[in-house]
Each structure stands twice: as C-alpha cells, then as structure tokens.
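Please treat every number below as a calculation from the coordinates, not as lab data. Just so you know, these numbers come straight off a predicted model, no measurement behind them. Here the Cβ positions follow ideal geometry from the backbone for every residue, glycine too, while neighbour counts run over all protein chains shown.
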Amino acid sequence: MELQHATIHTFTTRPWSIDQCIEGYARHGFGGISVWREHIVGEDLSHVKKKMHDAGLQATSLVRGGFFTGDTAEKRKAAIEENKRAIAEAEALGIPMIVLVCGATPGQIPSDNFLQIENGIEEILPFAEAAGIRLAVEPLHPMYAGDRSAVCSMKDANDLVERMGHPLLGVALDVFHVWWELNLYEEIERCFDESRLFAFHVCDFKPEMSHVLLDRGLPGEGVANVTVIDEWVRSAGFAGHTEVEIFSEKYWAMDQDEFLKKIATSLRPLRNPAVD
Ligand code: ZN
C-alpha cells in the first residue's frame, strides 16, 4: 500500500513527543496520525491541531475513551466525565473519531461489565453528537476480558452497536484482537454492510509474546494473517486509513526513524483503499 493511506498511532512511537511524532510521520511519508491522550498531556491543543494540519497529516482518531465499568456508581460516573473530557479534546484537535476500549472490572461477571458499557456509551452519545464525533468500539482479545474489555470479538462489538443503533457508533477492527474468530469474514461484512466499520488497526500477534501488552509484532511477524484480513476489509469496501498500532518494548528501544522504516516495509503487501 501507499503510505499516504496509512496512519500511525502515537503510542507506536512511544518514546517520541507529539511534535516528534508529527514531524517524523510526515518525514517518512505517512498520511495520518492517531493521537493517544498520553501524548497531549499539558500540550496546547490548538498548536497540536495546527501542527498536524501544516504537516499535511490526516488526524484519524483520538485514543482512547471508554473504560466504562466500575464496581461503584461513583467510579462509573467518573468514567463518564473522563469520556466527556476526551470528546472535548478531540473537538479541540479537530479529530473526528474516538476509539473506545470499553473496560472490565475484576470481580464483576462479563455480562455485568457489558451492561455497564452499554449504559456508559448511552450516556456519552449526546456529547459525541453535540461535537459531531464518531465513537469506535474496539473489541479486545479475550485475554483482556477480565480487566480491559468485556467486548471481546467482532461479534460482541457488532451485537452491541447494532442494538444501540446510533449513526455515530461503530467498530474499530484491530487484527491483534480478532484474528482468531472463526466467522471473522462474515462479521466484517456484517459490520461494513451496516456502515459501522469505522477503523482498521494493524500489527501482529506473536504466539510466544514476552509481555501480554507490550510485545506486538510488525504485520507479518506473527499469526494474525494480516494480509488475509486486510483483503477482507478492503474487499468489503472499507475506504479509511490502515492504522498502525504497535506496542513493543523491543521496537521502542530502537531508533524510532529506523522503526518507521520497518513499518513502511511491513505495509507493502497491504492494499490501498478503494479498488486497486
Ligand atoms: Zn487497536
């Protein structure tokens, strides 16, 4: 694929500041940036917005909102407030979409977590609506079901967004999390047919990962069959950017310009948006 159709998540180059991310992605020819909230703490958001614009980068998504669950009403209310802050940040940065990692609280059963997530999304939707910001529910791999997300598959995410039926609510597909689903192809088509496929994230799943969170691979390094899923997503008609989201202590330890070159090479077998 051509790099102008690729977005890099700032967490992918975690050692860099937001300014270094913007300059670096543009320098390497990437077309977009997804901003992690960690990267803009204490930053002047209008400056960041202008800098992204001047660098010619598409601001694809703000990462992340969600974490709606909690074992007390106070905790769940605090989560709503945090999501409202995320919506305000996205608006200030001119970013049209927020990725939701929906949450799971240890000690609660999955169906209770799921219900709290639905209630949380319901509460923030009016604020997203007022700001015109889309919300993309990202299902996480079931190994995170106990403490990060009770939404664990494309099927879960599709069920949730279908039931809620709001035009600003869709799904972010990350190959790391959903590659294992037997009916993934059907779930991708289901999602796209309902105009609810909002985002496509790539990296790879290494079966012998050294860390449950921080040892993700470049596309092609693992077992997620990234080129196959990419083919399914593109042939369904998804026209958005391919977003590169790699958490890796191994790659963060290297020169980040060299890492971006490796990323560029790893994206070559993937398709561009539209028919190519
Ligand atoms: Zn992701």
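Points 7 angstrom from Cα along the Cβ direction at HIS211 and ASN119: gap in nanometres?
Result for the modelled spin labels: 3.5 nm.
Sort CYS191, CYS21 so the one with the fewest other Cβ atoms within 10 Å of its own Cβ comes first.
CYS191, CYS21
Compare GLY107, GLY42, GLY65 in a GNM of the chain, Cα atoms joined below 10 Å, and give the one with the largest fluctuation.
GLY42
In debye, nearest 20: dipole of the range 3-267 around its Cα centre with unit charges on the Cβ of K, R (+) and D, E (-)?
420 debye
Please say if the range 140-276 is rounded, prolate or oblate, where rounded means a/c under 1.5 for a ≥ b ≥ c the square roots of the C-alpha gyration tensor eigenvalues, and otherwise the choice is prolate for a/b larger than b/c and oblate otherwise?
oblate
Any idea what the relative contact order of the chain is, in percent, if you count C-alpha pairs under 8 Å spaced at least 6 apart?
18 percent
Under a 10 Å cutoff between Cα atoms, tell me which one of ARG76, ARG163, ARG234 has the largest fluctuation in the Gaussian network model of the chain.
For the chain, modelled as a Gaussian network with Cα springs under 10 Å, the answer is ARG163.
So what is the relative contact order for the range 162-276, in percent, with contacts set as C-alpha pairs under 8 Å and at least six apart?
Normalised by residue count, the contact order of the range 162-276 is 27 percent.
Go through TYR144, LEU62, ILE188 and say which Cα lies farthest out towards the positive end of the charge dipole of the chain; charges sit on Cβ, +1 for Lys and Arg, -1 for Asp and Glu.
In the chain, that residue is LEU62.
Among ALA130, ALA172, ALA150, which one shows the highest mean-square fluctuation when the chain is modelled as a Gaussian network with alpha-carbon springs under 10 Å?
Sorting by GNM fluctuation, first place goes to ALA130.
Need one word for the range 3-267: rounded, prolate or oblate. Basis is the Cα gyration tensor (sqrt eigenvalues a ≥ b ≥ c); a/c below 1.5 gives rounded, then a/b vs b/c decides.
Because its axes are fairly even, with a/c under 1.5, the range 3-267 counts as rounded.
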